[in-house]
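**Q** Below: one structure in structure tokens.
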């Protein structure tokens, strides 16, 4: 897995959980909050923890926010601060801004100002969001238990025009291909002779360690 640089703005329950998860996965994380107590709390769960007002453009520039691959805006109940922070980040050229929405109204405003990804914590867990952000190939995953998961992975050029038999995924990684999606076609009973193309979405199930090895080596 490629190491990335993230900044998490807002260290409430959702933002704090994403911060911890991204940091535990091995990414560089700059944690930002207006509260000194929150910054102190998350110092051990981030590469840097900084107290600042994210609605102040100069403060964002001074901490080097433009150097980060992705920024997650997880500000709590202050919708105005969330919107202004998002707007500033897009104006500063951040490639991917992920924003926590409080409600449908907030969601619509975020869409209008160019938020790249909008999440609703009541529907999506912080762990799930963190893992999806971490990977260029992982589209989604669902935990079946503490040990097993189902994942959707985007096939890269390494798999292009190779059959499932040739890839031998189950033998190498202990991971089962349940189905694959290619353009508008969904195959829920894959044959060993089926060819996988770059951009095909594989739906796979297995032990988390096997899935991680599969993603890190086969992609």
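**Q** Here are the criteria: (1) more than 22 Å from residue 2 (Cα to Cα); (2) in a loop (DSSP other than H, G, I, E, B); (3) touching a strand residue (DSSP E or B) at 6+ places or on another chain (Cβ under 8 Å). Tell me which single one residue 82 does not satisfy.
**A** Of the numbered conditions (1) more than 22 Å from residue 2 (Cα to Cα); (2) in a loop (DSSP other than H, G, I, E, B); (3) touching a strand residue (DSSP E or B) at 6+ places or on another chain (Cβ under 8 Å), the odd one out for residue 82 is (2).
**Q** State all residues of the range 138-160 that are at pLDDT 80 or above, out of contact with any helix residue (DSSP H, G or I) (no Cβ under 9 Å at 6 or more places or on another chain) and exposed (fewer than 14 other Cβ atoms within 10 Å of the Cβ); if no residue qualifies, say none.
**A** Hits for the range 138-160 are 157, 160.
**Q** Would you call residue 97 in contact with a helix residue (DSSP H, G or I) (Cβ under 6 Å, 6 or more places away or on another chain) and part of a strand (DSSP E or B)? Even if it seems obvious, please write down each step before you answer.
**A** Numbers: in contact with a helix residue (DSSP H, G or I) (Cβ under 6 Å, 6 or more places away or on another chain): yes; part of a strand (DSSP E or B): yes.
Spelling it out, residue 97 is indeed in contact with a helix residue (DSSP H, G or I) (Cβ under 6 Å, 6 or more places away or on another chain) and part of a strand (DSSP E or B).
**Q** So, in the range 110-130, how many residues would count as being part of a loop (DSSP other than H, G, I, E, B), touching a strand residue (DSSP E or B) at 6+ places or on another chain (Cβ under 9 Å) and at pLDDT 80 or above?
**A** Looking only at that region, the number is 4.
**Q** Give me the residue from the range 1-46 that is surrounded by fewer than 15 Cβ atoms within 10 Å (Cβ to Cβ) and in a loop (DSSP other than H, G, I, E, B) and, out of that set, modelled with the highest pLDDT.
**A** Looking at residues that are surrounded by fewer than 15 Cβ atoms within 10 Å (Cβ to Cβ) and in a loop (DSSP other than H, G, I, E, B), I get 35.
**Q** Residue check: is residue 71 within 21 Å of residue 20 (Cβ to Cβ), touching a strand residue (DSSP E or B) at 6+ places or on another chain (Cβ under 8 Å), in a helix (DSSP H, G or I) and in contact (Cβ under 8 Å) with a residue 24 or more places away in the chain?
**A** Judged against the criteria, residue 71 is not a match.
The values are calculated or read from the model by the stated rules, or taken from the named source; none is laboratory data. Just so you know, these numbers come straight off a predicted model, no measurement behind them. A quick note on method: Cβ atoms are made from the backbone with ideal geometry, for glycine too, and the neighbour counts reach across all protein chains shown.
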